Amino acid sequence: MKKSIFFIVIPAILFFSSCQQQTTQSSSSRAVNEKVNKVLSQMTLEEKVGQMTQITLDKFYGEHLDTARLHEYIVKYGLGSILNSHHDKSGMTTALSMKEWRDLQTLIQKYALETRLKIPVLYGIDAIHGATYLKGATLFPHNIAMAATRDPQVVHAAAKITAKEVRACGIRWDFDPVLGVGRQPLWSRFEETFGEDTYLVSELGRAVVTGYEEDGLKNTTAVASCMKHYLGYPVPLTGKDRTPAYIPEIVLRQIFLPPYKTAVDAGASTAMINSGSINGIPVHASKYLITDVLKNELGFDGMVVTDWGDIIALYKDHHVARDNKEAVRMAVNAGIDMSMVPYDLSFYHDLISLVKEGKVSMSRINDAVARILRLKFRLGLFDDPFPEKGTESYYEKPEYKKIALQAASEAVTLLKNDTLRGKPVLPLSKNTRILLAGPGANSKATLDGSWSYSWQGKNDSLYPADVHTIRQALEEEAGKNNVINISPDGFKEVSSEQISKLKKYARGVDVIILCLGEDAYAETPGSINDLTLPEDQLRLAEAAAKTGKPVILILTEGRPRIIRSIEPAMNGILLAYRPGNMGAPAIASILYGEVNPSGRLPYTYPRYTGNLMTYDMPVRAAKYYKPQWPFGYGLSYTRFIVTSLTGMS
Ligand code: BGC
């Protein structure tokens, strides 16, 4: 009797509470929609188009902030959104202190409150492996390394910390996560992806979106996410950034769409569009992909923003529009809600004319603006647009570093561990005498890669002082006396002097640790013609092998650089990807066996430049799958024996 009551009562309670939840949710979204409609009904066409316009912060900077121009854009043109940081003297987008960010946000919102309808400005930033543009922020491993952890919990924890540090700056919109499936390793943004497997990308993408948004956007621990770059960006045919992709519909739907579907279902608030084209049609001009598939089929009720200058690119680069006005018409009619213009008012003026001429309907404009206002309401910007009190304390907490260390430790992947004289070369013992060489040994940039305290991430002097290079971490771990370092500071081409030093000092050591890979790069500047590791680094590796000492290779790289010619001569190989601020201590702990390596390749590591295949190639091509290491590969210091596997019925 008791049992049957239990079975009736519990489901009834669950049913009741889920109905209640749905009712509360729908009544809160009904309330938001009512507020949106009220504001919308009072807006002029100019005010609406102003909301759809997004300008980069640099537009308002000369030597200093040009407050008059900022005021003009916000108050006169009713600017809806500002993005990014501004350039430093070297012309690179750079990090600001938390106080600078908060002061800036305060000023922007003060101007916004001077507008007729007091609509707050939505500020957006790239915080893609931590708060990229915040001085002193904790930067986590890039997604490609996160994917090697196979650990949604650590990904989720990193996203939550990122949200807090971004919100501490007074910013509530983060252009992240990247949900492109990384299947073209030449592509310079490969490190921003979660690798080649759709399921892995979907699940880790879900972990990021919920990490950012699950607390509710009004909560000071949340930011609006931006799933990007919808759709098919990671597979340009040429391998070069922002060049055309050719993807059959079946592959689009099987491989590239599912992570976006998962993110929409997880509540992603915004989407950014791929700058490239698919099958000859620029995605920014594709009504099919933006409106029919994303908004209608996937049921995405959030806001769609262009990528950088991509409406202008429709006529300047893709040559599918005659001029800016035609480009604006195509993009807005395709379903774009906000234009990251990002430097001028061309979008604003042309869109106003297009509406007046009847070439863009008022209902399309109202839909776009409603999506923007809905987000602003959901983020609580109408209640209080200023940096929230108390959020300053979210900055730079020691526990953030623990998560960064955990993520890096779980990511580093052991690819090779020879047994020499009856003993595996790794882990090392504490008194091992080491010769440390290679461009990655003394570089912070190689650990963090793109979007690290500047757009390109190259400048070591911008990194926090307590971020260790591999050299520093090894010296700390093993003592300076055990480490002879012959690598210069920063990621530099290998000189013949370094090779001579290597030959000279090798005699007195037990092992050579070679740190090879890539300097930091972001987006188009990172495009390359050859996946093979550069010649100078290969020469260094060959020289190391010739010394007869055991050689351990540590790779810090955003994409798999081909090492076929040197791999047989390396006795141990650790792939660290872009392991972030705590990457060096994580590498050291693994080298000395304090952490058992558990990372697994999130992509197929190619052996040949002419054989770039993914593990899920069609059966007919399977015989050609000849990678250096397959997807999922990764060793540990333990031996596992798996027996008595049973299938699931
Ligand atoms: C990148 C985006 C980024 C945007 C804003 C573009 O160049 O492709 O990923 O969000 O700039 O910084």
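Of everything in the stretch 74-84 that's open to solvent by 30 Å² or more (accessible area, probe 1.4 Å) and not hydrophobic (A, V, I, L, M, F, W, C), which residue is nearest to the chain's Cα centre (by Cα)?
77
How about the stretch 307-357: which of its residues are of a type in the set (S, T, N, Q), free of Cβ contacts under 8 Å to residues at least 40 places away in the same chain and buried (at least 18 other Cβ atoms within 10 Å of the Cβ)?
Scanning the stretch 307-357 gives 324, 346.
Going through 545, 541 one at a time, which residue ends up being among the hydrophobic types (A, V, I, L, M, F, W, C), at pLDDT 95 or above and open to solvent by 20 Å² or more (accessible area, probe 1.4 Å)?
Answer to the selection: 545.
When residue 584 is evaluated against the numbered criteria (1) farther than 21 Å from residue 477 by Cα; (2) open to solvent by less than 10 Å² (accessible area, probe 1.4 Å); (3) outside any loop (DSSP other than H, G, I, E, B), which criterion, by number, is the only one it fails?
Only one criterion in (1) farther than 21 Å from residue 477 by Cα; (2) open to solvent by less than 10 Å² (accessible area, probe 1.4 Å); (3) outside any loop (DSSP other than H, G, I, E, B) is unmet by residue 584, namely (1).
Which ones in the stretch 36-78 are of a type outside the set (Asp, Glu) and within 16 Å of the ligand (Cβ to nearest atom)?
Of everything in the stretch 36-78, those that are of a type outside the set (Asp, Glu) and within 16 Å of the ligand (Cβ to nearest atom) turn out to be 53, 54, 55, 56, 57, 59, 60, 61.
Residue by residue through the stretch 588-627, note down the ones that are among the aliphatic types (A, V, I, L, M) and within 22 Å of the chain's Cα centre (by Cα).
The initial filter retains those residues of the stretch 588-627 that are among the aliphatic types (A, V, I, L, M), namely 588, 590-591, 595, 601, 612-613, 617, 619, 621-622.
Within the stretch 588-627, just 601 meets the criteria.
Please go through the stretch 447-463 and pick out each residue that is crowded, with 22+ Cβ neighbours inside 10 Å and over 16 Å from the mean Cα position of the chain (by Cα).
Result: 458, 463.
Is there any pair linking a residue in the stretch 395-415 that is outside the structural domain of residue 464 (by TED's automatic domain parsing) and free of Cβ contacts under 8 Å to residues at least 60 places away in the same chain to one that is of a type in the set (Ser, Thr, Tyr) and in a helix (DSSP H, G or I), with Cβ under 7 Å and at least six apart or on different chains, and which?
Matching pairs, first to second residue: none at all.
Of a type in the set (Asp, Glu), in contact with a strand residue (DSSP E or B) (Cβ under 9 Å, 6 or more places away or on another chain) and either at pLDDT 95 or above or open to solvent by less than 20 Å² (accessible area, probe 1.4 Å) (or both) - does that describe any residue in the stretch 398-408?
No, the stretch 398-408 contains no residue that is of a type in the set (Asp, Glu), in contact with a strand residue (DSSP E or B) (Cβ under 9 Å, 6 or more places away or on another chain) and either at pLDDT 95 or above or open to solvent by less than 20 Å² (accessible area, probe 1.4 Å) (or both).
Picking from 64, 71, 87, which residue would you name as being open to solvent by 50 Å² or more (accessible area, probe 1.4 Å), under 22 Å from residue 189 (Cα atoms) and free of Cβ contacts under 8 Å to residues at least 60 places away in the same chain?
Answer to the check: 87.
Do you know which residues across the stretch 399-415 are among the β-branched types (Val, Ile, Thr) and either more than 10 Å from residue 146 (Cα to Cα) or assigned to a helix (DSSP H, G or I) (or both)?
403, 413
Whether any residue in the stretch 206-219 is closer than 18 Å to residue 272 by Cα, open to solvent by 10 Å² or more (accessible area, probe 1.4 Å) and of a type outside the set (Val, Ile, Thr) is what I want to check.
Yes: one or more hits.
The values are calculated or read from the model by the stated rules, or taken from the named source; none is laboratory data. Small disclaimer: the values here were computed from a predicted structure and weren't measured. Virtual Cβ from ideal backbone geometry, glycine too; neighbours counted across all protein chains shown. These area figures cover heavy atoms from the full protein model, side chains too; ligands, DNA and RNA do not enter into them. Shrake-Rupley method; radii C 1.70, N 1.55, O 1.52, S 1.80 Å.
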